[in-house]
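Here the structure comes first, spelled out in structure tokens, and everything after it is commentary.
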Amino acid sequence: MLRRAGFDTQIETVSWKRGYAEALIRADVALFPTTFTKEREPLFHWIGPILEVEWAFFAHADSGISVNSLEEAKAVKSIGTYAQDSKEVWLKNHGFNNLVSVLDNITNLKKLYEGRIDLMVGSPGVTDNWPAEHGYDSSKMVTAFKFNTVKLYFAVSKETSKETVSALRSAFDSMRKDGTIDAIYHQWAPGWLPPKD
């Protein structure tokens, strides 16, 4: 997308907290993937969607913990969340007072397997792969309850010029129309389908 828009720039991997903070105050920052919410809508220029995901609570299979509603999830002792992530903000806005926030989401995985939290928050299809990638038995992490579906976008900082945003949006739209986006998904994320709207 950057090449097609005519930009020669680097993509950096940074912590969510740092990336989000920079995108709020600096020009020429595109943060992705970023969950679109009504609260965030006025804070950024949005390009996409690039992905649609579900949100869920995950439990350790040996914990005996089962939840079938948000109210039941509020009753457990602790739920691991990722600091300032949209899922954490959403849960706080829906009355959750049992959240344990960390700066690295893999910390939640370790705490879940060590029995130090009751549930962790993640996205089926994404979070599912984490146990095997970090030396844990994947069959021991189970989806306890799905509670939301959201779309993810490129969130471009408000300070970015209209010309830059327009060039990026045009590049993304052309990639969607000519099949480039679908090809990227088939190569790098088989099984996932990019949202069409």
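The values are calculated or read from the model by the stated rules, or taken from the named source; none is laboratory data. Note that the structure is predicted; figures quoted are calculated from it, not measured. Reconstructed Cβ throughout: ideal geometry from the backbone, glycine too, with neighbour counts over all protein chains shown. These accessible areas exclude ligands, DNA and RNA; they are computed on the full protein's heavy atoms, side chains included. Shrake-Rupley method; radii C 1.70, N 1.55, O 1.52, S 1.80 Å.
Quick notes
Conditions (1) closer than 16 Å to LEU51 by Cα; (2) at pLDDT 95 or above; (3) not basic (Lys, Arg), marked per residue:
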site: ALA155; (1), (2), (3): yes, yes, yes
site: THR164; (1), (2), (3): no, yes, yes
site: LEU168; (1), (2), (3): no, yes, yes
site: TYR185; (1), (2), (3): yes, no, yes
site: PRO195; (1), (2), (3): yes, no, yes
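- For the stretch 66-92, filtering for residues that are touching a residue at least 24 places away in the same chain (Cβ under 8 Å) and within 21 Å of THR35 (Cβ to Cβ) leaves 15.
- Criterion (open to solvent by 20 Å² or more (accessible area, probe 1.4 Å) and touching a strand residue (DSSP E or B) at 6+ places or on another chain (Cβ under 8 Å)) met by exactly one of PHE172, PHE147: PHE147
- Complete set of residues in the stretch 59-98 that are out of contact with any strand residue (DSSP E or B) (no Cβ under 7 Å at 6 or more places or on another chain) and closer than 14 Å to LEU112 by Cβ: ASP62, SER63, GLY64, LYS77
- Being over 22 Å from GLU39 (Cβ atoms), open to solvent by less than 30 Å² (accessible area, probe 1.4 Å) and over 17 Å from the mean Cα position of the chain (by Cα) is a property that PRO131 has.
- Residues (within 29 Å of LYS87 (Cα to Cα) and either in contact with a strand residue (DSSP E or B) (Cβ under 6 Å, 6 or more places away or on another chain) or acidic (Asp, Glu) (or both)) located in the stretch 175-192: ASP182
- Restricted to the stretch 34-127, the set of strands (runs of 3 or more DSSP E) holding at least 1 residues that are open to solvent by less than 10 Å² (accessible area, probe 1.4 Å) and among the aliphatic types (A, V, I, L, M) comprises 44-60, 79-82, 119-122.
Here's the yes/no breakdown for (1) within 15 Å of the chain's Cα centre (by Cα); (2) more than 26 Å from ARG18 (Cβ to Cβ); (3) of a type in the set (D, E, K, R):
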site	(1), (2), (3)
SER66	no, yes, no
GLY80	yes, no, no
TRP90	yes, no, no
LEU99	no, no, no
ASP104	yes, no, yes
LYS111	no, no, yes
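- Top-ranked residue of the stretch 1-33 - restricted to ones that are without any contact (Cβ under 8 Å) to a residue 40 or more places away in the chain and part of a loop (DSSP other than H, G, I, E, B), ranked as least open to solvent (accessible area, probe 1.4 Å): VAL14
- Test: residue in the stretch 3-16 that is touching a strand residue (DSSP E or B) at 6+ places or on another chain (Cβ under 7 Å) and modelled with pLDDT of 95 or more: no
- Test: ALA144 is closer than 30 Å to LEU91 by Cα and assigned to a helix (DSSP H, G or I): no
- Scanning the stretch 128-141 for residues being in a loop (DSSP other than H, G, I, E, B) and of a type in the set (Gly, Ala, Ser) gives a total of 1.
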